[in-house]
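Every read-out reported here was derived from the displayed coordinates using simple, explicitly stated rules and does not represent laboratory data. Please read these numbers as outputs of a predicted model, since none were measured by experiment. Every residue, glycine among them, receives a Cβ derived from its backbone with ideal geometry; neighbour counts consider all protein chains shown.
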Amino acid sequence: MSTGEISVPLSVVEDRTQEVVPNQLRRARVNKLVINTVLAVLGIIFLLPIIWLIDSALNPNATQGLSAPAWSLANFRAAIAAGAGGAIKNSLYLAVVSTVVATGVSTLAAYALSRRRVPFKATVLLGILFLTGLPVTLLLIPLYEIFVHLGWANSPFYTSLVLSATSIPFAIWLLKNFIDQVPKEFEEAAAIEGSSEMRILWKIVIPLSLPGIMVAAILTFINSWGAFLIPLVLDANPGNQPGAVGIYQFMSANGIVQYGPLAAYGILFSVPVVVLYLICSRWLNGGFAFAGGVKG
């Protein structure tokens, strides 16, 4: 043994190791318990509004608080009698038209920005990114003046076009990133076989970018489905009133909020979005599958 070295018995090292390992396991269990407790509390906090919504929708005498539901459909009948069906139908029209227009335009624009040499492409992309954060309220007054001048006011179709325009910038930015991930070798091979550019886009790029297209479509649909200010300002016809505007008729009746019909209306208004997500979930779960598609 060299001078200055201290010999520690092996038994002492083993004892210390046996003490450290249980302490680490104990701390890990405590940390895990704390994290799970915090997550459980947050889950309960976010779950309470949904519980209240279901409870109030089934309770004819619903209030601000929770109570045992009476299992009555009277609130749903009241919501439908007040025009919930027609308002949801109007929202569905606005959302579907705006989604189809915005998704189609965004796909073509994103493909051009991804595959073509566009002059000042970086500036164009920065401009698109800027438009995604532009408040819609800044455009309502000039838009209203344009609609009145052109005779487009109180038209669900032209209102849906405005809704689609508000979603196009973000959809272009999103879809460009998805299309960038599609290997160009697939398109080059199809071009060698004599496929036209539109056929390449329809048969190769769109199927491989389908998850991104579905995401853009769902976001556009939700944005149009919950739109309030644009339909309220551009379409004053009560018969064209969408669900997001119609729900406010339950907010006050002689100064009293109708909690039961309001909750029932909210559930009915949420059903199409939930159904859309369930239908599109299998495409969203699929993701991209390019592995093995290109050989070196």
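Calculated from DSSP H runs of 4 or more alone, at -39500 (n - 2.57) each and per residue, what is the 222 nm mean residue ellipticity of the chain, nearest 500?
-23500 deg cm²/dmol
Pairs of lysines 8 or more apart, or on different chains, with alpha carbons under 20 Å: count those in the chain, would you?
Taking the Cα cut-off of 20 Å, the pair count is 6.
Can you tell me which of 36-47, 134-145 comes out highest on packing, and rank the rest after it, using the mean Cβ neighbours within 10 Å?
134-145, 36-47
The chain: longest stretch without exposed trypsin sites (Lys or Arg not before Pro) (DSSP loop, at most 15 other Cβ within 10 Å), sites themselves excluded?
Answer - 118-294.
In debye, nearest 20: dipole of segment 24-158 around its Cα centre with unit charges on the Cβ of K, R (+) and D, E (-)?
Roughly 880 debye for segment 24-158.
Compute the distance in nm between two label points, each set 7 Å from the Cα along the Cα-to-Cβ direction, one at ILE54 and one at LYS184.
5.2
I need the helices of the chain that pass two filters: whole DSSP H segments spanning 15 Å or more by Cα along the axis, and mean Kyte-Doolittle score no lower than 0.0.
10-57, 84-115, 121-132, 137-150, 156-180, 210-225, 259-286
Distance between Cα centroids, segment 208-233 to segment 48-76: provide it in whole Å.
Spelled out, the Cα-based centre of one part sits 30 Å from the other.
From the list [x] 1, 5, 8, 10, 11, 10, 10, 10, 8, 7, 5, 4, 3, 3, 2, 2, 1, 1, 0, 0, 0; [y] 1, 5, 10, 13, 15, 14, 13, 11, 8, 5, 3, 1, 1, 0, 0, 0, 0; [z] 1, 6, 12, 16, 20, 18, 14, 8, 4, 2, 1, 0, can you say which value of P(r) over Cα pairs in 5 Å bins from 0, in percent was derived from the structure given?
Matching the structure shown: [x].
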